[in-house]
Every structure is written in C-alpha cells, then in structure tokens.
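Working notes, beginning with the structure itself.
The values are calculated or read from the model by the stated rules, or taken from the named source; none is laboratory data. These figures come from a predicted structure and were not determined experimentally. Neighbour counts are summed over all protein chains in view; Cβ atoms, including those assigned to glycine, are modelled from backbone coordinates with ideal geometry.
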Amino acid sequence: MKWLLIIFLVSFSSAIAAQNPDCDIFIKNGKIIDGTGNNWYYGNIAVKDGKIIKVGRDIELPAKKIIDAAGFIVAPGFIDVHTHLEGDEIKDPNATNFILDGVTTCITGNCGSSNVDIGKYLHFIDSLKLSINVATLIGHNDVRKTVMGRANRDATADEMQQMKNIVDKAMKDGAVGFSTGLIYIPGTYTKTPEIVELAKIIAKYNGVYTTHMRDEGDSVTYAIEEALTIGREAKIPVEISHFKLSGQQNWGRSKETVPMIEAARKEGIEVTIDQYPYTASSTSISTLIPDEILADGQDSIKARLQNPEIKKYAIKSMLARLKKRKLKHFSYAVVAYYSPDTTYNGKSIEQINLMKGRKHQAKYEAETIIDIMMNGGASAVFHGMSEEDVKRIMQYPFNMFASDASIREFGAGMPHPRGYGTNARVLAEYVRDQHVISLEEAIRRMTSLPAQKFQLYDRGLLREGYAADIVVFDERKVQDLSTYDHPHAYSTGFKYVIVNGVLTVEDEKPLGVRAGHALYGPGVLK
Ligand SMILES: [Zn+2]
C-alpha cells in the first residue's frame, strides 16, 4: 500500500511540475553580456514572476517558454536616460520605436520639461501601461512656469519657496531627480543660485541633477562650469545631457570639454554625461531667435517680432550667429514638423525660403524663420556637430547613450532618426563597423551605468533577483534603419525583448504586450 502511495505522489507531483514549470521563460545557449562590462560567456537565464531567478552556465529548468538564443547576445534591457515622453504616451503605448531599439526603460522629464504633479503622472503611467518602464525627473522650466509664468526676472523669496515646495513634493512622490533646460524659456532667465537652491532640495532625497546646459557651442566651457558648480554647491550627482559641441567653429573642442569632466570627477563631483550618436541635434526652431524676444508666451513673441526695430535686431543677431558658424545659408536647419504647413517638413530653411519665392540670401532666410516663429514655431533638425567630437565623447567611459526622443508616431513629420535608432546605431556603426568601443562596453553604458546613476538598483544587470528586462539580439545584424531623409524606420536585429519577465518582442515583432510600469525614485522610500 505504501509503495502505491509513493508512486501516486511521485506521478502526481511530476504532473504538477509539467503544469507549473519552474520558470516562465528559459533563455538558453546565448552569449551573455551581463551589463558589468565583463566579457561575454555562454550561459542560460531563467525568468519567473518578473524576475531573473537564475543565471549560469549549467542551469536547466523546465519552462513555459524556451528561447534558444544560440548565436545571439543576451543582455539587460537598455535604459534610455534622456527622453521626452510627455504627451505622447497615449499615441502609442506600445512605444514601438523604443522597444525595437532594445529599450526597456525610459527616463523622461528632461531638459527642464516635465509634469509638475509627479505622483499623478506616475499613476497615469501605471494606469495606461506602456511596453516600457518609465521613471521621471521634475523639470525646472515647468516648475518655474507654474509659479511665475514666463517672466524674465529673478524669483522673489515667496516664489522661491513655492518652487521649493513643488520640487520637494515631486521627490516624495517618486521623481528620480531634477532637470534643467537652460536654453529654453524660462530657464534662460534663471541664474545659477536659483538652481542651486532647488537642487539642494533634490539632494536631500538623493536625487540626480540633469541639465541641458546654457550653451553647447561657443560658451560651452562656461556652461559646463555652471553645471559643476551646481553639483559642488548642492552636493548633488550631475548628469550633463546630450553632451556635444555645436557649431562648426567649435568642432574639435571635445579635447577641452571631456577633460573638464575627468577633472571634476577627480575633484569629487559625481558627474557623468550622455550623448546621442549622431552629428545633428533637434529642438525647437525658437533656439535660433534671441532669448529676450521669447519671454511671456506666443502673443508677446508675435507682438515683438511685429515691431520693425525688434525684428531688425533679431535678424542682425541671427546673421551674426550664422557668420560665426562660418555658414552662408541656414541650410543646416531642417524643419522636422511645422503644423500650419506640413510641406515644410523635411526641408531646410534655405529651401523653404526659396519655396516662398524669396531671394537666395541669408537675411531673407532669417525672415523666413521669423515668419515660422510668428505662426507658432516648428521643431527642427540642426546639422551642426562633427563626427570626431561624437567619437571622442563616446570614448569617455562614463558617457551613456540616450535618444533625447519621445514615442514616435510612425509616419508623422520628419523627426530626428535618434528616436528610432540610437542603440542600434551605437551597436552597428560604432561597435561593429568602426570599433570605437567594444560590445561589452557599449552594453555597460546602456544598462548598468544608467541604472547606477539613476538608482534603478534592481535593473541594468543580468543577476539573480533583478527585474527581468532582457534583450536578445544578433550582433551581426543589428542595424538602425532610420535616416534623416527617411526617419520612419524601426531598428532591426532585436529578436526578443522581455520587459518585467514578459515577452514583448518575438522574432523582431512587437507582440502588443504592455508590461512596463512606473519606476519610483529614492524619495518615496523615506
Ligand atoms: Zn535637451
């Protein structure tokens, strides 16, 4: 009788095991690059209930889903530290451009631009559900606008207190840090001490300070000094966003700027940087117009530009800046999206000016820019960096990769290709083809380095107990396909993408699964 019972129990439990395998997903035979920067090795990974439960050479577990990754790289999902998702989450919650570029986590709220009620925003992310995880910064420009509009002046003591209250609450609600956008309104009107004061609040909660600096061209070294001063005085980790040298006259100056970062680290400032791997930038066309014209909103901008004296001054200063760039035309500025007339999309200011029947001279092109501004402005792509600087910055070991993009609406406008191809481009162009950095090094910069910086402590490595954000890709085939002329193209080569233990991409096809969630910063844990 006893042996019958034993046979029964054994067969019963093995039936249970078949129904309830030991893990959800078992990835076998892959070349594991774990995110530390260490060399790849052959191994297997078991995933269960959203976590990595085992990693190693010799493990073998029954699974609901087995992925044979022979010939493929298995790496942690990529963390894009610099994105602008605000307002686009709803357009494509599948975030297809990110997920097919290997990105499983985005940090949004950059360049001073974010939601002000962070608690509400993170709830929104969790109720909408995206395919990717989202963490957010609290943006200085939106905090300042909430308290004092677009005013071109210092904050009063009372306004300062109100801004402090907002950032304090944002950190308690789960922001990972504080961002500034000091080329945008009203950041340009803000002096360093205001930022230091606000950054001190963030530091209290162990948040990070990220900055789109005041200048990325002629005055870049002063702008870096300012970022470092804020780090030093507020005792806060600094992330300099989309580190670059803008303007032909500044090409080669990464020889000056990268050593400034190295020296600051020696001094004890916890500074790191990020970049997108392209020689063109993208932002609002308003950045071509002098700052003082941009105060107090669109009605005031329009009124100022209608004043002949002010318009003359604007054109003069735009031409002076063009001359500094050693350029004769505004051909380097290409409209990405202009809502009043979409035939402008993808055309340079030089071309648009000619389309309007105007003379082929820079002063008329400046006038064309002013016309666009009077009609509400446009986003644009600016071809203004050198490949040599992009590579020199890339070789700095504490530089991460970031798209500086949002969720792309497939087919809309002529946006910068970085929104589709940032990570694939690093892996294809700069790792495989040009050997600028090694594969393991690139993966480290896409995974554990950003996770450490933004304190996402259970992500960015392939380790037991970590969140199962995993990419499986073909290092020989990974490729960015998005270009300036044909931006709407997804990257290829990412065969499987797993987010929080859920298969989200299979055979390079998004499954429409949305397993991402909000990631909360260090302030909420207090
Ligand atoms: Zn920016």
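Could you count how many residues in segment 400-428 are in contact with a helix residue (DSSP H, G or I) (Cβ under 6 Å, 6 or more places away or on another chain), in a helix (DSSP H, G or I) and of a type in the set (Gly, Ala, Ser)?
Residues flagged as in contact with a helix residue (DSSP H, G or I) (Cβ under 6 Å, 6 or more places away or on another chain), in a helix (DSSP H, G or I) and of a type in the set (Gly, Ala, Ser) within segment 400-428 amount to 1.
Any idea which of Cys106, Cys111 is within 16 Å of the ligand (Cβ to nearest atom), surrounded by 24 or more Cβ atoms within 10 Å (Cβ to Cβ) and within 17 Å of Ile470 (Cβ to Cβ)? Working first, answer last.
Values: Cys111 fails: within 17 Å of Ile470 (Cβ to Cβ).
So the residue among Cys106, Cys111 that is within 16 Å of the ligand (Cβ to nearest atom), surrounded by 24 or more Cβ atoms within 10 Å (Cβ to Cβ) and within 17 Å of Ile470 (Cβ to Cβ) is Cys106.
Please work out if Pro193 is at pLDDT 95 or above, buried (at least 24 other Cβ atoms within 10 Å of the Cβ) and over 21 Å from the mean Cα position of the chain (by Cα).
Working: at pLDDT 95 or above: yes; buried (at least 24 other Cβ atoms within 10 Å of the Cβ): no; over 21 Å from the mean Cα position of the chain (by Cα): yes.
Answer is no for this residue.
Restricting the search to segment 52-83, which residues are closer than 30 Å to Asp404 by Cβ and of a type outside the set (D, E, K, R)? If you could, list the steps in order and put the result at the bottom.
Going through segment 52-83, the residues closer than 30 Å to Asp404 by Cβ turn out to be 52, 72-83.
Selection gives Ile52, Phe72, Ile73, Val74, Ala75, Pro76, Gly77, Phe78, Ile79, Val81, His82, Thr83.
If you take the residues of segment 281-302 that are among the charged types (D, E, K, R) and in contact (Cβ under 8 Å) with a residue 40 or more places away in the chain, which of them is farthest from the ligand (Cβ to nearest atom)? Working first, answer last.
Residues of segment 281-302 among the charged types (D, E, K, R): 291-292, 296, 299, 302.
Now restrict to residues that are in contact (Cβ under 8 Å) with a residue 40 or more places away in the chain: 291-292, 296, 302.
Details: Asp291: 16, Glu292: 21, Asp296: 22, Lys302: 25 Å.
Going through the qualifying residues, I end up with Lys302.
Which residue out of Asp389, Asp341 is within 30 Å of Glu256 (Cα to Cα) and either surrounded by 21 or more Cβ atoms within 10 Å (Cβ to Cβ) or without any contact (Cβ under 8 Å) to a residue 12 or more places away in the chain (or both)?
Values: Asp341 fails: within 30 Å of Glu256 (Cα to Cα).
Just a single option satisfies the conditions, and that option is Asp389.
Report whether or not Lys312 is without any contact (Cβ under 8 Å) to a residue 24 or more places away in the chain, more than 16 Å from the ligand (Cβ to nearest atom), part of a helix (DSSP H, G or I) and not aliphatic (A, V, I, L, M). Walk me through it before giving the result.
Numbers: without any contact (Cβ under 8 Å) to a residue 24 or more places away in the chain: yes; more than 16 Å from the ligand (Cβ to nearest atom): yes; part of a helix (DSSP H, G or I): yes; not aliphatic (A, V, I, L, M): yes.
So Lys312 passes the test.
Tell me, yes or no, whether segment 503-513 has at least one residue that is within 30 Å of Arg392 (Cα to Cα) and at pLDDT 95 or above.
Keep residues of segment 503-513 that are within 30 Å of Arg392 (Cα to Cα), which gives none.
No: segment 503-513 contains no residue that is within 30 Å of Arg392 (Cα to Cα) and at pLDDT 95 or above.
Going through Val524, Val499, Val471 one at a time, which residue ends up being touching a Gly at 6+ places or on another chain (Cβ under 7 Å), surrounded by fewer than 18 Cβ atoms within 10 Å (Cβ to Cβ) and among the β-branched types (Val, Ile, Thr)? Before the answer, list the steps.
Values: Val499 fails: surrounded by fewer than 18 Cβ atoms within 10 Å (Cβ to Cβ); Val471 fails: surrounded by fewer than 18 Cβ atoms within 10 Å (Cβ to Cβ).
After ruling out the rest, the residue left standing is Val524.
Hey, Leu305 hits all of (1) more than 20 Å from Gly112 (Cβ to Cβ); (2) within 16 Å of the ligand (Cβ to nearest atom) but one; which does it fall short on?
(2)
How about segment 508-523: which of its residues are under 14 Å from Thr96 (Cβ atoms) and assigned to a loop (DSSP other than H, G, I, E, B)? Talk me through it step by step, then tell me what you get.
Initially, segment 508-523 is screened for residues under 14 Å from Thr96 (Cβ atoms), giving 508-514, 516.
Result: Glu508, Leu511, Gly512, Val513, Arg514, Gly516.
Kindly indicate which of Met318, Met394 is under 30 Å from Asp433 (Cβ atoms), more than 16 Å from the ligand (Cβ to nearest atom), among the hydrophobic types (A, V, I, L, M, F, W, C) and assigned to a helix (DSSP H, G or I). Break it down stepwise before answering.
Details: Met318 fails: under 30 Å from Asp433 (Cβ atoms).
Checking each option against the conditions leaves just Met394.
If you scan segment 114-148, which residues turn out to be among the aromatic types (Phe, Trp, Tyr) and either modelled with pLDDT under 95 or buried (at least 23 other Cβ atoms within 10 Å of the Cβ) (or both)? Break it down into steps so the answer makes sense when it comes.
Of the residues in segment 114-148, the ones among the aromatic types (Phe, Trp, Tyr) are 121, 124.
Residue satisfying the conditions is Tyr121 alone.
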